[in-house]
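> Pasting a structure here, questions to come.
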């Protein structure tokens with residue numbers, strides 16, 4: 001499931017001006033293709049994990065220590081800890097930050113959506129930064 005957060009549009013910072021709708025469509029297609037390519041056991045878990053698209057981390061997130069240029073974020077309990085937790089698990093992808101990181105190149109944007117999604121999925125599955133780095137998901 002992919003949801004899109006709306007809100008005031010911040011100033012564009014990249015050379016190529018992809019509309020918000022196009023960013024969402026491209027990112028959604030990339031996340032769906034990535035999930036479809038996962039091994040069956042991982043795919044079943046990933047299909048249940050909501051993915052939300054936001055433009056950039058909001059002020060509240062930044063106040064909690066999330067950097068303004070963060071590409072993605074996993075929130076909630078890891079798969080092994082699910083149960084009575086205050087927030088359900090989800091992945092948030094910050095599409096304008098990903099677009100800026102890709103310098104407006106759609107091919108690189110797709111690659112970064114895939115890499116960031118897999119990185120955050122790895123956190124959901126309990127991997128730490130070193131383990132993700134070992135897998136090329138930095």
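> Could we say that residue 33 is at pLDDT 90 or above, within 13 Å of the chain's Cα centre (by Cα) and under 17 Å from residue 109 (Cα atoms) here?
Details: at pLDDT 90 or above: yes; within 13 Å of the chain's Cα centre (by Cα): no; under 17 Å from residue 109 (Cα atoms): yes.
Criteria not met by residue 33.
> I would also like to ask the following. Could you figure out which of (1) over 12 Å from the mean Cα position of the chain (by Cα); (2) under 19 Å from residue 21 (Cα atoms); (3) surrounded by fewer than 17 Cβ atoms within 10 Å (Cβ to Cβ) isn't true of residue 102?
The one condition residue 102 does not meet is (3).
> Which residues, counting only those in the range 92-111, are closer than 11 Å to residue 26 by Cβ and in a helix (DSSP H, G or I)?
Within the range 92-111, 95, 98, 99, 106, 107, 109, 110 qualify.
> Follow-up question, since we're still on this one. Given the condition under 25 Å from residue 24 (Cβ atoms), part of a strand (DSSP E or B), modelled with pLDDT of 90 or more and in contact with a helix residue (DSSP H, G or I) (Cβ under 6 Å, 6 or more places away or on another chain), answer yes or no: does some residue in the range 121-130 qualify?
Within the range 121-130, not a single residue is under 25 Å from residue 24 (Cβ atoms), part of a strand (DSSP E or B), modelled with pLDDT of 90 or more and in contact with a helix residue (DSSP H, G or I) (Cβ under 6 Å, 6 or more places away or on another chain).
> Please give the number of the condition residue 16 fails out of (1) farther than 19 Å from residue 127 by Cβ; (2) at pLDDT below 90; (3) within 12 Å of the chain's Cα centre (by Cα).
Checking residue 16 against (1) farther than 19 Å from residue 127 by Cβ; (2) at pLDDT below 90; (3) within 12 Å of the chain's Cα centre (by Cα), the one that fails is (3).
> Checking the condition closer than 17 Å to residue 124 by Cα and assigned to a helix (DSSP H, G or I), which residue from 44, 77, 25, 29 passes? Give the derivation first.
Working: 77 fails: assigned to a helix (DSSP H, G or I); 25 fails: closer than 17 Å to residue 124 by Cα; 29 fails: closer than 17 Å to residue 124 by Cα.
Among 44, 77, 25, 29, only 44 is closer than 17 Å to residue 124 by Cα and assigned to a helix (DSSP H, G or I).
The values are calculated or read from the model by the stated rules, or taken from the named source; none is laboratory data. Since the structure is predicted, the reported quantities are computational estimates derived from the model, not experimental observations. No Cβ is skipped: glycine too gets one built from the backbone with ideal geometry, and neighbour counts run over all protein chains shown.
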